[in-house]
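**Student:** Mind looking over this structure? Questions follow.
The values are calculated or read from the model by the stated rules, or taken from the named source; none is laboratory data. All figures in this text were calculated on a predicted structure; none of them were measured in a lab. Every residue, glycine as well, gets a Cβ built from its backbone with ideal geometry; the counts of neighbours run over all protein chains shown.
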């Protein structure tokens, strides 16, 4: 078997490239925070420090992390107490875009549902107006009873059906 130096160097180059790519892809895993706590101890973590840590005490941030906004006026004293419980608010553009897309989808879904209901009301209105016109014109009408027989509407039943149809027109034809 012959030893081919060009093949070996190509393999080594490919392995080195692969190693560099894998390190580059996992660089987010190396993101570390470093800060000095209230007792003066240096802390290391992959999550941001608590909200009660001053910006000056944060010694190292991961690349791409946002700095906290400076506090002003009277709210500067009240804000650290509330920030201590919830931690710093870092905005991830990808998560923010997903949240906005979800909200837009929900708004579009509600709008589609409202449009569907409006179309159903318009259809009910048209049908109710036609029924009311037929009732008021005195056209002979019948309905099917529970036993399946046709019943001709008498004056009392016609008046009740007219009242009910007017209510439908009033509610659906706004």
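**Student:** Looking at region 8-40 only, could you name the residues that are at pLDDT 75 or above and closer than 30 Å to residue 50 by Cα?
**Tutor:** 32, 33, 34, 35, 36, 37, 38, 39, 40
**Student:** I would also like to ask the following. If you check residue 165 against the conditions, is it part of a helix (DSSP H, G or I), out of contact with any strand residue (DSSP E or B) (no Cβ under 7 Å at 6 or more places or on another chain) and either at pLDDT below 90 or under 30 Å from residue 63 (Cβ atoms) (or both)?
**Tutor:** No.
**Student:** Restricting attention to region 138-158, which residues are surrounded by 12 or more Cβ atoms within 10 Å (Cβ to Cβ) and either under 22 Å from residue 123 (Cβ atoms) or in contact with a helix residue (DSSP H, G or I) (Cβ under 9 Å, 6 or more places away or on another chain) (or both)?
**Tutor:** First, the residues of region 138-158 that are surrounded by 12 or more Cβ atoms within 10 Å (Cβ to Cβ): 141, 151, 153, 157-158.
Result: 141, 151, 153, 158.
**Student:** From the set of residues in region 41-54 that are modelled with pLDDT of 85 or more and surrounded by 14 or more Cβ atoms within 10 Å (Cβ to Cβ), which is nearest to residue 91 (Cα to Cα)?
**Tutor:** 48
Here is a yes/no grid of residues against (1) part of a helix (DSSP H, G or I); (2) within 30 Å of residue 50 (Cα to Cα):
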residue	(1), (2)
91	no, yes
106	yes, no
112	yes, no
119	yes, no
139	no, no
